[in-house]
Amino acid sequence: METRTKYLPEEILTNILLRLPVKSLIRFRLVCKSWFTFLHNPNFIATHLNYSSANNCHHLLVHTQAENHAISLLSNKTLNVIDSPRTPKVEREVIVGSCNGLVCLSRDSEIVLWNPATKEHKVLPTPCISTEFFNPLITWSIGFGFHVEDYKVVRMVNTNYLLSGKITPKVEVYSTSSGSWRVINAIIPCYVEQRRCSVVLKGVPYWLGFGPICPNTIFVPRRDVLREEFVLSFDMGNEVFLQVDVPGAKDYHYTYSKKLGVYNESVAIMYYPSYEKDIRFIELWVMKEDHVVDECWVQVLRIGPFSTLWTPLGCWENGVVILQNHKDELLLYDPTIGKAEAVPTNGAPMFSTSIATYMESLATVDGGNKDLKEIKFV
């Protein structure tokens with residue numbers, strides 16, 4: 001980068017810029033032409049994100065799906081609301097996932113990539129596989145992730161096979177490198193009920209998956225329905241689905257509700273009671289790195305008992321669990337001291353509140369960050 005300063009060598013100036021927040025860097029793009037070019041350079045964008053990741057600059061996005069669908073950005077250091085970014089105009093949107101500073105929002109077939117820090121957004125083209133006509137037997141789900149130099153959105157459309165045991169899957173992928181959707185031949189090994197992936201880790205989306213309902217439990221109460229349960233992921237590079245069994249599938253965990261999260265850079269599954277008569281503990285299991293083998297889960301936490309039903313929404317730093325109590329209050333529970341701290345939000349939390357970890361970056365919604373293959377995924 002050519003600089004006009006007589007006092008600061010380029011290396012020192014670059015070192016200073018790496019430590020600045022995105023908001024400042026956007027302003028500095030207007031200083032001169034050379035700064036504009038440099039601060040748009042994919043190498044700098046990747047290096048800046050690496051620096052932020054190494055210095056633990058993760059924040060928390062809290063999406064309260066009330067009438068105003070408010071989003072709050074909470075500081076990882078103070079837990080205060082540091083921003084209430086206005087989302088692109090997507091009516092009653094949900095957060096699909098966050099990766100490298102980009103957030104994927106969705107409502108039905110309308111999908112948007114959004115960078116809250118730069119305020120840029122892009123409405124994706126209409127998907128190839130249509131679900132416009134209401135059909136109770138058709139379900140769909142979306143995942144968001146990253147591979148090498150390409151952000152991708154995967155969309156699967158399923159035929160409800162819980163009763164028949166049959167599935168007719170269709171899968172399509174959008175990539176920022178091509179700017180278009182394409183249908184792929186991918187086998188979906190299980191059924192997905194969620195409209196979005198549960199978590200994104202290292203560029204890979206994860207869902208909870210299910211097998212067909214056992215015939216002898218079709219007409220029993222919902223909590224007594226029997227079916228196999230899995231964790232499903234989508235490899236963004238090879239564009240294939242992978243699944244592993246959930247832990248403790250054959251013991252009392254079977255009747256518990258389940259939710260996925262990220263615990264210390266590993267995929268985690270949280271078991272929690274959904275009925276008053278259940279044991280009011282929350283258990284957290286983590287997937288081992290060698291998850292292709294049997295016994296791929298290890299239990300790391302068991303917290304409680306609680307006097308009322310608490311629902312885990314995800315995990316935060318240092319083993320802290322994000323909970324929602326019976327009053328719809330958001331809390332950070334630290335199991336090392338056994339205390340919960342209230343989380344401030346913009347708008348009243350509701351039962352449908354969702355969270356996502358987020359790190360601000362200069363990543364563009366059009367892709368083109370050619371050197372992001374070198375970064376540590378966040």
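The values are calculated or read from the model by the stated rules, or taken from the named source; none is laboratory data. Fair warning: this is a prediction, and the values are worked out from it, not measured in the lab. No Cβ is skipped: glycine too gets one built from the backbone with ideal geometry, and neighbour counts run over all protein chains shown. What goes into the accessible areas is simple: the full protein's heavy atoms, side chains included, and nothing from ligands, DNA or RNA. Shrake-Rupley method; radii C 1.70, N 1.55, O 1.52, S 1.80 Å.
Just give me the residues in region 328-359 being at pLDDT 75 or above, in contact with a Pro (Cβ under 9 Å, 6 or more places away or on another chain) and of a type outside the set (A, V, I, L, M), in sequence order. Those that are at pLDDT 75 or above, in contact with a Pro (Cβ under 9 Å, 6 or more places away or on another chain) and of a type outside the set (A, V, I, L, M): 329, 333, 358.
When you look at residue 293, is it modelled with pLDDT of 70 or more and over 22 Å from residue 308 (Cβ atoms), yes or no? So residue 293 does not fit the description; no.
Matching residues to (1) in contact with a Cys (Cβ under 9 Å, 6 or more places away or on another chain); (2) assigned to a loop (DSSP other than H, G, I, E, B); (3) modelled with pLDDT of 65 or more:
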position: 230; (1), (2), (3): yes, no, yes
position: 248; (1), (2), (3): no, yes, yes
position: 258; (1), (2), (3): no, no, yes
position: 284; (1), (2), (3): yes, no, yes
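Residues of region 19-34 that are within 16 Å of residue 118 (Cα to Cα) and not small (Gly, Ala, Ser): 20, 21, 22, 23, 25, 26, 27, 28, 29, 30. Please work out which residue is nearest to residue 359 (Cα to Cα), limiting yourself to region 103-118 and to residues that are open to solvent by 20 Å² or more (accessible area, probe 1.4 Å) and of a type in the set (Ser, Thr, Tyr). Filtering first and then ranking leaves 118. Filtering region 198-212 for residues that are more than 19 Å from the chain's Cα centre (by Cα), open to solvent by 30 Å² or more (accessible area, probe 1.4 Å) and either polar (S, T, N, Q) or modelled with pLDDT under 90 (or both) leaves a non-empty set.
For region 172-196, a residue qualifies if it is at pLDDT below 90 and under 18 Å from the mean Cα position of the chain (by Cα), and the qualifying residues are 192, 193, 194, 195, 196. When region 326-344 is filtered for residues that are surrounded by 14 or more Cβ atoms within 10 Å (Cβ to Cβ), charged (D, E, K, R) and on the phi < 0 side of the Ramachandran plot, the ones remaining, listed by number, are 329, 334. From the list 301, 362, the one residue that fits, being in a strand (DSSP E or B) and at pLDDT 85 or above, is 301. Residues that are assigned to a strand (DSSP E or B), modelled with pLDDT of 90 or more and surrounded by 20 or more Cβ atoms within 10 Å (Cβ to Cβ) do not occur anywhere in region 304-315.
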